Structure formats: structure tokens, C-alpha cells
Ligand SMILES: Nc1ncnc2c1ncn2[C@@H]1O[C@H](COP(=O)(O)OP(=O)(O)OP(=O)(O)O)[C@@H](O)[C@H]1O
Ligand SMILES: Nc1ncnc2c1ncn2[C@@H]1O[C@H](COP(=O)(O)OP(=O)(O)OP(=O)(O)O)[C@@H](O)[C@H]1O
Ligand SMILES: [Mg+2]
Ligand SMILES: [Mg+2]
């Protein structure tokens, strides 16, 4: 039993990522090579490293948004390890729907869908009743202090910080076993950052496994259970 | 692991040549129930040709496509007799053309255009068909009071919405769309896309959408096929193909769009 609990939720082994820019004479950009990282339940691993080191790239590889150039990214999904490198698009979408949430810095707005609907969506997709989904979405939006007048509107016209809170609400409204956070607090004020830190801590207590990137010192210190220095995996090309 | 339902459509090395000219070459993929596949690529790359082959409108030069039919079970579309193929198109598929004129009957009213598929499927109960038509017109946000107007009296965007209702009213399992928002201006296009996105998710449809617009692909498709000169040069999860394109041609396609 303990053995099972200890299995990492994310297991990155020998991960290499490089880009080939065909638009620029086939220039190759090596980001990192041979990178190993394991994340267990209740852990929030905060990626450290200067701008351009590959923090976002690592998160995107774990989300299946970027392909890997070598090595593996294994996700514990339904009790089985799935290597994203060989997974079908259907499997990756299923992992994203049920196991792995991702908060990016920017919200990709879907023109006509209301904020409330957007936040309910992850719940509805996972079989939660409309009634319960709405109640939970409302609670989440209220806790993030998004004015109620905004809830029925699509977030297209919202301020950067408001959009970011919608993004956060979508990912924290249900308990994803894995959460990937790429600067989720970048456009928030101190009060709102504090609220997000509380959400992160609550999710960790419930056993989420997280990888996060935070530029704000206070948020980093409060959220991290461990730091991961990416620079040592830096490759030339 | 989750057990996945068998594919709805299995496409196996479909090629179409027009004499010396290649339409599409050796295209293979599976389409799963509820999945939306986007087909992107520049003009003349073979998108429409592929769609027309798969929807039984055009005989391929070689290859097979097995569809999991409600009526017949798994059948190769190209091996079906003409009559069975037409019935399949009528009962289990929809086809949304870029130009609504190609998908609508211009001489009968908008309402009749929407109701017709039900009548063709042997619908007899006038009241029920009328109700279904009204429901669908509402769903695609058309003014019910105009149900008796002819398609030419509607704007391009409205015609396209009539065409969509006409192609979904009989609850197909698979819908083919060729540039469904192509001829429309941007604001109308955005509304129509939202509508399509909602419908496709609500009805758990499978769809193959041809578009040269990467924004449309991003919004609608789960997975992309990128075509060039008749070949599929890249395929993958939509956001992966758009954010981390591998093939030089895909990189060119993605980089020529300002913001995705
Ligand atoms: N889609 C892409 N195509 C080509 N190069 C990319 C792509 N994404 C990232 N890169 C390159 O990979 C390197 C790492 O970028 P990344 O965004 O991961 O850095 P980061 O550590 O998150 O930096 P920051 O703190 O500034 O956000 C950079 O050189 C970047 O230009
Ligand atoms: N009936 C036909 N007879 C001869 N050649 C044809 C025929 N239909 C298509 N072609 C050719 O096949 C190639 C692929 O055409 P197709 O219409 O599939 O392109 P497409 O990707 O849909 O382009 P667009 O984005 O411009 O609609 C083109 O070179 C076209 O000229
Ligand atoms: Mg970054
Ligand atoms: Mg075409």
C-alpha cells in the first residue's frame, strides 16, 4: 500500500528537448538534455533557472504540448504509467481531462463561452452534475474575488489579472492528481497571490503533485516543497 | 488504462490521382467516436479531394476506408453499392459545404431545407418534424418567423447556419465540413465557430473539418493532419502541432499566422 502511494505521479527520465528552426536555415536550439525529475503526491517542485533556461519548455513537455526529442515522460494515469512519447492523441487528451491540469500565464479565450461555463467545463467533462458543477464554480470564482457581475460574460474583455483568475479557477475547481503551473500569479496583486498560494497548499494537502514556475519570491517560498535547478541540464545544441 | 471504443472510421492508404495530377496520396488515419479531426494545408494540397473521397462523393484511385455503420456494421465505403452508399450518406453522415448554395436547395424555404432530411428518412409525423425543425432553427439562432423565406433571402452567415441545421437534424454520427466558415466575415465566422463547437461537443459528433485557417483548427480540432502536395506531412494533437511543429512546411504555415 505504501509502495503504491510512493509511486511518482510524474517520472521524467533522460529527457532531451531541442528545436529545429526550419525557417532559419535549420538552426538547432538545444534546451536541455538527460533531465531526470520525479514528482510524488503532495509535492510541489518549483523550477528554478534564469529566463530562457527551459522552465516552460519542461512543463510543456510534461503536458504533451511539446514533443520530446529523447527520453521519456511518464504520467501515472488510472494507476498505470503512460509514456507520453508513445501515447496517442486520444490518450493524452484523456490524461488532460482526468489527471493533469495546466495553468498557463495567459487564458486562451473562447469567444462566446461565459466565465461560469468555462469554470464548470472541467467538472462537466468529468461527469459532475450541472447543478453541482455550477455550485462549485461559483464558490471557486467567489474565493478568487472575481466580481459576480463578470461571471456571465466571456472573459475576452477582462483585464489580465481577471483572465488569469479564470484560468486558475478552471484548474483548481476539481482536484487534478497533477497540476502544472506556469506563472499562474504573474499578473495578480499581493492579495490575490495569497489566495492562489492557499489554493495550492490545499491541493497539495489533498495529494496533488505539482510542477510550478513562480517569479514572485514570496509565492515560490510558500508553494515549494522542493526546488529543481534546470541549468545543470543545459545543452548546447 | 481506459478501454477505448473502436474507431468510427479507419482510413487506409487512400490515394486519388486526376491523371498526372495528384489529389491526395497514401492518406491513413483513424477517427474515434467524438473526435474532431482538422485537415489543414495550403490551397491545392488535397484537402477537399480527401474529404470528397472519404464522404463517398469521389472514387479514390486506391485505398480503403472502413466506417462503423449503425446499419451495416463495419463497411468499406468504397466497396458499398451506390444505393447503400447514398443511404449511409443520408442516414449517418452530414456534409457541410463551404458555399451554402452547394449544400442547400435554393428553391425551397429555409425551414423546408432543415426538415427535408427527416422526410427523406421516412418521417411521417408532420407535427414532430415541424417541432424538430423549429428546435433546430432555434439552436442555430435563426429567427423562427422567417422559416418560410427562401435561402437567397438570408445572409451568407444565416445560410450557413441553415446548412448546419440541415446536416445535423438527423443526428449523424460523422460530419464532413469543408471550410465551413470560409466565405464569411470575421465576426460572423467567430459566432458560427462557437456554435459549431457547442453542437459538436453536445451531440458527441465525430467530424472531419477542412480549413486553411489555423485559428479555426485550434478552436475546433482535437487532432490535425497537415497536408502538402497531396501528402500528409505531419499529424498530432492540435496544440502540439501548432506550438511545436516539426515539419518545415508546418513551421512555415504556423509562422505565417500572426497570433494563434
Ligand atoms: N515553440 C518553440 N519553438 C522554438 N523554440 C522554442 C519554443 N519554445 C521555447 N523555445 C526556446 O527554448 C528555450 C527555453 O524557453 P522557455 O520558454 O522554456 O524558457 P523559460 O525558462 O520558461 O524562460 P522565461 O523565464 O523567460 O519564461 C528558449 O531559447 C526558447 O526560445
Ligand atoms: N476534378 C478534378 N480534376 C482535376 N484535378 C483536380 C480535380 N479536383 C482537384 N484537382 C486537383 O487536385 C489538387 C488538390 O485539389 P483540392 O481541391 O483537393 O485542394 P484543396 O487542398 O482543397 O485546396 P483549397 O484550399 O484551395 O480548396 C489540385 O491540384 C487540384 O487542381
Ligand atoms: Mg517561461
Ligand atoms: Mg478545398
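The values are calculated or read from the model by the stated rules, or taken from the named source; none is laboratory data. Remember, it's a predicted structure, so these values are computed and weren't measured experimentally. Note: ideal-geometry Cβ built from the backbone for every residue, glycine included; neighbour counts use all protein chains shown.
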task = For the range A:40-53, indicate whether the set of residues that are in contact with a helix residue (DSSP H, G or I) (Cβ under 7 Å, 6 or more places away or on another chain), closer than 18 Å to residue B:241 by Cα and surrounded by 13 or more Cβ atoms within 10 Å (Cβ to Cβ) is non-empty.
result = no
inquiry  = Please count how many residues of the range A:57-89 are under 16 Å from the mean Cα position of the chain (by Cα) and either closer than 18 Å to residue A:28 by Cα or more than 14 Å from chain B (Cβ to nearest Cβ) (or both).
reply    = 4
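Can you say whether residue B:56 is surrounded by 15 or more Cβ atoms within 10 Å (Cβ to Cβ), away from chain A (no Cβ under 14 Å) and either away from ligand 1 (no atom under 16 Å from the Cβ) or within 27 Å of residue B:214 (Cβ to Cβ) (or both), as far as the supplied structure shows?
Values: surrounded by 15 or more Cβ atoms within 10 Å (Cβ to Cβ): yes; away from chain A (no Cβ under 14 Å): yes; either away from ligand 1 (no atom under 16 Å from the Cβ) or within 27 Å of residue B:214 (Cβ to Cβ) (or both): yes.
Yes: the conditions hold for residue B:56.
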message = Of everything in the range A:107-133, what is surrounded by 20 or more Cβ atoms within 10 Å (Cβ to Cβ) and at pLDDT below 90? Give them in sequence order.
response = A:107
key: Candidate set: the range B:183-212, residues that are under 25 Å from residue B:10 (Cα atoms) and within 16 Å of ligand 2 (Cβ to nearest atom); chosen: the one modelled with the lowest pLDDT   = B:212
ask   = Has the range A:4-26 got any residue that is within 16 Å of ligand 3 (Cβ to nearest atom) and in contact with a helix residue (DSSP H, G or I) (Cβ under 8 Å, 6 or more places away or on another chain)?
value = yes
key: Matching residues in the range A:2-56 - criterion: being near ligand 1 (Cβ under 10 Å from one of its atoms), touching a strand residue (DSSP E or B) at 6+ places or on another chain (Cβ under 8 Å) and more than 14 Å from chain B (Cβ to nearest Cβ)   = A:30, A:32, A:47, A:48, A:49, A:53, A:55
Filtered residues of the range B:2-41 (kept if surrounded by fewer than 15 Cβ atoms within 10 Å (Cβ to Cβ) and either on the phi > 0 side of the Ramachandran plot or near ligand 2 (Cβ under 8 Å from one of its atoms) (or both)) = B:13, B:18, B:19, B:21, B:26
ask   = In the range A:158-237, which strands (runs of 3 or more DSSP E) lie fully inside it and hold 2 or more residues that are closer than 26 Å to residue A:98 by Cβ and within 16 Å of ligand 1 (Cβ to nearest atom)?
value = A:178-182, A:209-213
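Looking at B:204, B:240 in this structure, which one is within 13 Å of another protein chain (Cβ to nearest Cβ) and either part of a helix (DSSP H, G or I) or crowded, with 17+ Cβ neighbours inside 10 Å (or both)?
Values: B:204 fails: either part of a helix (DSSP H, G or I) or crowded, with 17+ Cβ neighbours inside 10 Å (or both).
Of the residues listed, the single one that is within 13 Å of another protein chain (Cβ to nearest Cβ) and either part of a helix (DSSP H, G or I) or crowded, with 17+ Cβ neighbours inside 10 Å (or both) is B:240.
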